[in-house]
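> First, the structure itself, so that you have it in front of you.
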Amino acid sequence: MPLLGLAAWAGSLLAGAPWAVAATVLASLVVVAIAWRRAAWTAIGMVVVCSAVLGVALARAQAVRDGPVAEAARARAVATLTGTVAGDPRVVEGRFGPQVLVRVAVGRHQPVLVFGDADWRRVAVGERVRLTGRLGTSDDGDVAALVTPRGPPEVLGRAGVGWRATEALRASIRDSVAQRPEAQRALVPALVDGDDAGMPEELTEDFRTTGLTHLTAVSGTNLTLVVGFLLVVARWSGVRGRWLGLVGVAGIVGFVLLARTEPSVLRAAAMGAVALVGLGRGGWHRGVRGLGVAVVGLLLLDPPLGMTAGFALSVLATAGILLVAPAWRDALARWLPRWLAEAVAVPAAAQLACTPLVAALSGQVSLVAVLANLLVAPVVGPATVLGLLGGLVGLLVPPLGRLVGTSAAWCVAWIVEVAERGAGLPGAALDWGTSAWSLTLVVAVTAVVLWAGPWVLRRRTTGAAACVLLLAVTVLGPPTPGWPPDGWVFAACDVGQGDALALRAGPGAAVVVDSGPDPRLVDACLRRLGVGQVPLLVLTHFHADHVDGIAGVLSHRDVHEVEVTRLADPPGGVAEVAGAARSAGLTPEPATYGRTLTVGDVTLQVLWPTPDSPTTGPGDGSTANEASVVLLAEVGGVRLLLTGDVEPEGQQALARLLPGLRVDVLKVPHHGSRYQDLDWLDSLHARLAVVSVGADNDYGHPAAGTLDDLTAHGTTVLRTDRDGDVVVAVRDGRLVAVTTD
């Protein structure tokens, strides 16, 4: 069965591959079937399963691609559609403000994704709706069209009894913890049924860093805890034999309805069922066979699942628990109590099995994940069960439900504490990279650890030494010789298409200017620089590529002040900054034109925008660049001009206001775009120009003309997309630049 599962997975992956590749793989399986006579039936079965999944995937893709909805989308037609709401509405930040995304199943294999307004927040899963809107094509092969509706949805029919019952339970779970602090009232529903809509961004980032995201992602763990609780209650009630199995099946079905019948939930249900089988009689042998059955069944029902990261992580984690954890547990049990050995072995095996894929997806390897999962393990079960009980009891007696929900919240308070503390450790996450060599190395290291782990852990001396070494690296951080370079004064972080800059204000402290588009990337860069104190955070303007990473700056650091531009536009960025700052106990204040301040070793002067500049915009962010905060900084005798995304008109105004201005280092405006006042940039006579820009971006940044002009005038140009983090340092009175690539 595991081999058949691998064959099914191959069929799913081959659906997106060229026909020549698919044919080659299938032919290879046929050759194996002929040559490997001792296992001919298994090999033949692999060919059949692989072909079946491939056929289902291609047929389904063709049905979506060639269906009437997709044809209308290619014509950009306006159409009236009738369908069933297939997912909970989710609010996302769009270009022109918040939008509500709703997945609607239209006909057979014609799912559409609706980008609606606030009226769409009121639809419920299972309702029949009719809508009229313009259709557009989708890059997702599993979505027939994107729909921009005209007006609110027309509800044609209520959801079924099962959907209404589970929606009432979900609402009751939320109500049972509504009076608790934000993190707790968001985490309890997320643990029980995956309802993570209210999770604060900072907490989400902490969970990602510490490897706890699976707790909120409707994983097999959630189902195992809920169904396991139901089975315990059934046993207490005298249920035995096949009836106990029926209780388990009913629990799985109820969990799927509670957490929604989305592909990720079905995947979690299957993996949770495998875990339950593995815990029963027959142990891991039945579990491994069950894993193969689950993979084959899931991919026959929904072949695109095989191409998702969530599916791969679930399979790898389950396989690690079934195949690796027993040997590690037995090795540790030679010198540790068996319960403790199992508590360490299970999360370690799951995390290790997933490490290569996590590194490929994020470019990081979490060192604190095992420790964090071990610390929260005792309360995950009680929190999940109490959260479910709080919702059930609250349906009958709301005050009693809130009492039970409060107990669940007390449990998750410990999880929040572990996530926040763990994510703040110097060795929480190791930047690894995603190059072929780095991924090959992490696969090789993982294989060696898997092979040598039991041998190392079975002896008290080597096992304890390995555990102490891991703990020390996590708490103290891995050694990073030579970084940051001695005498550094300025750093431009490689955060993709966006800005995130740091000015050294003292030991472990920096003034941060902008936070980039991704919290993980700016957090990792500041970790590498050893920045734990941020006396001042300046956000030059509210575009996503300058503010979306704010949680990565605020988390795990002592931030004293936040200053922003005068122009409160676009609204989405303004709201995100205000919410993140409020969560950290801060209030953003506009940067004062002409103000000069000293922050540690940094002297700053605000050069732009002027006091007569507007404070409100059209709401689409089109004027935000021109309102960027422009700073003149001096650190260690080095003068730096940080220009945000100020446009040529603003640059010309600065040239008139500050004639003769000269600097050592220039942060090139607007990621080096072609819209520049080159005469002004050249007049600055900067020795070094730094371009914060993302690789292969869609904007054509940086423009060759801008870079050529700067170079022609004797300025050395470095860019984060090619050079990585760019750090400016002073050595023996000389200005030097050091990069990570």
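The values are calculated or read from the model by the stated rules, or taken from the named source; none is laboratory data. Owing to the predicted nature of the structure, the values given are computational and were not obtained by experimental measurement. Please note: Cβ atoms are built from the backbone with ideal geometry, for glycine as well, and neighbour counts cover all protein chains shown.
> How do the pairs read when you match residues in the range 639-662 that are in the same structural domain as Val693 (by TED's automatic domain parsing) with residues anywhere that are of a type in the set (Lys, Arg), using Cβ under 6 Å and keeping only pairs 6 or more apart or on different chains?
Once the first residue is in the same structural domain as Val693 (by TED's automatic domain parsing) and sits in the range 639-662, its partners that are of a type in the set (Lys, Arg) give Leu642/Lys667; Thr643/Lys667.
> Is one or more of the residues making up the range 358-375 assigned to a helix (DSSP H, G or I) and touching a strand residue (DSSP E or B) at 6+ places or on another chain (Cβ under 6 Å)?
yes
> Cβ-Cβ below 6 Å, separation at least six or inter-chain, first residue in the range 541-562 and in contact (Cβ under 8 Å) with a residue 12 or more places away in the chain and within 23 Å of Val646 (Cα to Cα), second of a type in the set (Gly, Ala, Ser) and assigned to a helix (DSSP H, G or I): which pairs?
Going by the 6 Å Cβ cut-off, the qualifying pairs are His541/Ala627; Phe542/Gly573; Val547/Gly573; Ile550/Ala580; Val562/Ala581.
> Quick one: Arg121 ticks every box in (1) buried (at least 18 other Cβ atoms within 10 Å of the Cβ); (2) assigned to a helix (DSSP H, G or I) bar one, so which box is it?
Failing condition for Arg121: (1).
> While we're looking at this one, here's another question. Tally the residues that are farther than 22 Å from Ala118 by Cβ and either buried (at least 16 other Cβ atoms within 10 Å of the Cβ) or not β-branched (Val, Ile, Thr) (or both), restricting the search to the range 146-162.
Here the count works out to 3.
> Can you tell me which residue is surrounded by the most Cβ atoms within 10 Å (Cβ to Cβ) among those in the range 394-404 that are of a type in the set (A, V, I, L, M, F, W, C) and either without any contact (Cβ under 8 Å) to a residue 40 or more places away in the chain or within 11 Å of Leu169 (Cβ to Cβ) (or both)?
Once the filter is applied, the top-ranked residue is Leu395.
> Ok, one more. Kindly provide the set of residues from the range 147-171 that are under 28 Å from the mean Cα position of the chain (by Cα) and assigned to a helix (DSSP H, G or I), ordered by number.
Answer for the range 147-171, where residues must be under 28 Å from the mean Cα position of the chain (by Cα) and assigned to a helix (DSSP H, G or I): Thr166, Glu167, Leu169, Arg170, Ala171.
> On the given criteria, is Gly724 under 31 Å from the mean Cα position of the chain (by Cα) and surrounded by 15 or more Cβ atoms within 10 Å (Cβ to Cβ)?
For Gly724, the condition - under 31 Å from the mean Cα position of the chain (by Cα) and surrounded by 15 or more Cβ atoms within 10 Å (Cβ to Cβ) - is met.
> Right, something else. Got a number for residues in the range 659-677 being surrounded by fewer than 18 Cβ atoms within 10 Å (Cβ to Cβ) and touching a Leu at 6+ places or on another chain (Cβ under 8 Å)?
Number of matching residues: 2.
> I need a count of the residues in the range 210-227 that are at pLDDT 80 or above and either outside any loop (DSSP other than H, G, I, E, B) or farther than 18 Å from Leu371 by Cβ (or both).
Here the count works out to 0.
> Which is closer than 20 Å to Cys525 by Cα and among the polar types (S, T, N, Q), of Thr716, Thr706, Thr740?
That would be Thr740, the only listed residue that is closer than 20 Å to Cys525 by Cα and among the polar types (S, T, N, Q).
> Filter the range 77-91 down to the residues that are at pLDDT 85 or above and farther than 13 Å from Thr132 by Cα and list them by number.
Thr84, Val85
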